[in-house]
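The structure appears right after this line, and notes come after that.
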Amino acid sequence: IHWMILHTPLKITEHHHHDALDLFPDYKRTIPFGTGTSICYNYLDYRFFNPTENTYQLLTWVTEQYLCGELRAEKRQEYTYHIKAEDEYFSLEDDGVYRNGAIYRTIIDPSSGNAVEKELIRQNHALVAYDTSKLVLVDRRIKCVDETAK
């Protein structure tokens, strides 16, 4: 749901991220680390509102393997939205290995292809909770040497 909302002009008013820990290594990750959210009973943990004149419909469903979603709009959105991770690295600190990076949302004018705005939406600093033996220190940062450990 959060991933879909990030690609719209809808405004997030409450968001709780499970970012204190990096619980498992990336394996075929399709969205950047740090773009998830925690949603709990009572629907208080994730809220957003629509400041636009456009009407949106949020659809969700599950398959045997995936949680799926679709966000529909009555009219075409004025802008497109791109979410990107930058400056991702692992760092060795006194209490363990941390995953670091920044998540940016760039708002694009589709008629010109120009960026209208670039905003930092999340700064990650998460303690890694899995085996880090496949990581190696390079220039005071830890780099992955194996795709399954990335």
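Of note:
- Flag for ILE103 being under 20 Å from TRP3 (Cβ atoms), surrounded by 15 or more Cβ atoms within 10 Å (Cβ to Cβ) and touching a Lys or Arg at 6+ places or on another chain (Cβ under 6 Å): yes
- Against the numbered list (1) in contact with a strand residue (DSSP E or B) (Cβ under 6 Å, 6 or more places away or on another chain); (2) at pLDDT below 90; (3) not in a strand (DSSP E or B), PRO110 comes up short only at (2).
- The single condition among (1) in contact (Cβ under 8 Å) with a residue 24 or more places away in the chain; (2) out of contact with any Ser or Thr (no Cβ under 6 Å at 6 or more places or on another chain); (3) surrounded by fewer than 13 Cβ atoms within 10 Å (Cβ to Cβ) that LEU92 does not satisfy is (3).
- Annotation: of all residues in the stretch 9-26 being touching a residue at least 60 places away in the same chain (Cβ under 8 Å) and in a loop (DSSP other than H, G, I, E, B), the one that is nearest to LYS75 (Cα to Cα) is PRO9.
- When residues of the stretch 61-89 are limited to those that are in a strand (DSSP E or B), aromatic (Phe, Trp, Tyr) and at pLDDT 95 or above, the one surrounded by the fewest Cβ atoms within 10 Å (Cβ to Cβ): TRP61
- Enumeration of residues in the stretch 106-117 that are exposed (fewer than 13 other Cβ atoms within 10 Å of the Cβ) and not acidic (Asp, Glu): PRO110, SER111, SER112, GLY113, ASN114, ALA115, VAL116
- Among the residues of the stretch 45-54, the one identified as in a loop (DSSP other than H, G, I, E, B) and either hydrophobic (A, V, I, L, M, F, W, C) or over 22 Å from GLU14 (Cβ atoms) (or both) is GLU53.
The values are calculated or read from the model by the stated rules, or taken from the named source; none is laboratory data. For clarity, every value in this text was computed on a predicted model and none was experimentally measured. Using ideal geometry, Cβ is built from the backbone for each residue, glycine included, and neighbour counts are taken over all protein chains shown.
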